[in-house]
Amino acid sequence: MSPDGQGELKIARGIEVGHVFQLGQKYADAMGATVTDEQGKSAVMFMGCYGIGVSRIVAAAIEQNFDAAGIMWPEPMEPFKVAICLINPKQDAQVTATAQALYDELRAAGVDAVLDDRGLRPGAMFADIELIGIPHRVVVSERGVAAGTFEYRARRASEAEALSREQVLARVLA
């Protein structure tokens, strides 16, 4: 039963991201900070402050937004909006040029993008992108360039799709 007898209390799980620090009268006294009490007399006030832990906010966001592959950041916290992954960039200059052109277009549109040209195998590259939690992944490969498509996958989706440049831009800019 609630303290006022009008409702029922429930216990629920929560995440503490900030809390109040009770400072007492020490700092108020040192500053001469007073208030008028109920009797009209000057009294040193009691002070407190509220602190928000930035690292606690990050931990809370991760705790609420993840799957077996890694983090799924809320949009305001994403490290990058899109990762452009190059497959075998050293074997085909057109792959590199196509990826760079898409990267430049996204950056010009104000999108935080990262170009992953590390030359890793696709599985390792994709695992890194998922672990980091980048919301959109666009793969540029020799096969895709020949077909005029990109492999696109949203971080929260289970499957990748073959999309045109315009479709990729529409998804990422949405």
Between segment 111-174 and segment 1-51, what's the alpha-carbon centroid distance in Å? 50
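In the chain, which whole DSSP H runs stretch at least 18 Å along their own axis (Cα) and average 0.5 or higher on the Kyte-Doolittle scale? Write out the running numbers ahead of the final one.
On the way: long enough: 93-108 (22 Å, -0.03).
Helices meeting the criterion: none.
Using a simple charge model, +1 on the beta-carbon of Lys and Arg, -1 on the beta-carbon of Asp and Glu, nothing else, what dipole does the chain show about its Cα centre, in debye to the nearest 20? Don't skip to the answer; put the middle values down first.
Working: 17 positive and 23 negative charges, 49 e Å.
Here the chain has a charge dipole of around 240 debye.
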Please order ASP92, ASP116 by the number of other Cβ within 10 Å, starting at the fewest. ASP92, ASP116
If R0 = 35 Å, then ALA170 and VAL54, at their Cβ-Cβ distance, give a FRET efficiency to the nearest 0.05 of 0.55
As an exercise, find the ratio Rg/Rh for the chain from alpha-carbon atoms, using the Kirkwood inverse-distance average for Rh. 1.29
Counting DSSP beta bridges with both ends in segment 71-173, the antiparallel % (nearest 5): 45
Rg [Å, one decimal], Dmax [Å, integer] - segment 1-69, C-alpha atoms: 20.0, 63
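Taking the beta-carbon count within 10 Å as an exposure proxy, list HIS19, HIS136 from fewest neighbours to most. The partial results should precede the final answer.
Numbers: HIS19 11, HIS136 23.
The fewest-first ordering by Cβ neighbours comes to HIS19, HIS136.
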Given labels modelled 7 Å from the Cα in the Cβ direction, how far is it in nm from GLU159 to ALA30? 6.5
Which loop GluC sites (Glu not before Pro) in segment 1-91, with loop taken from DSSP, have no more than 14 other Cβ atoms within 10 angstrom of their Cβ? GLU8, GLU16, GLU38
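How much of the DSSP bridge set in the chain is antiparallel, in percent, rounded to the nearest 5? The partial results should precede the final answer.
Values: 18 of 27 bridges.
The antiparallel fraction comes to roughly 65 percent.
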In segment 20-174, with Lys and Arg counted as +1 and Asp and Glu as -1 at Cβ, which of these residues, ALA162, ALA108, PRO89, has the Cα nearest the positive end of the dipole, that is, farthest along it? PRO89
For segment 71-173, state the semi-axes of the equivalent ellipsoid (square roots of 5 times the eigenvalues of the alpha-carbon gyration tensor), sorted largest first and rounded to whole angstrom. 20, 15, 13
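Read the figures in this text as sums done on the coordinates, not as results from a lab. What you see is a predicted model; the values in this text were computed from it and never measured. Please note: Cβ atoms are built from the backbone with ideal geometry, for glycine as well, and neighbour counts cover all protein chains shown.
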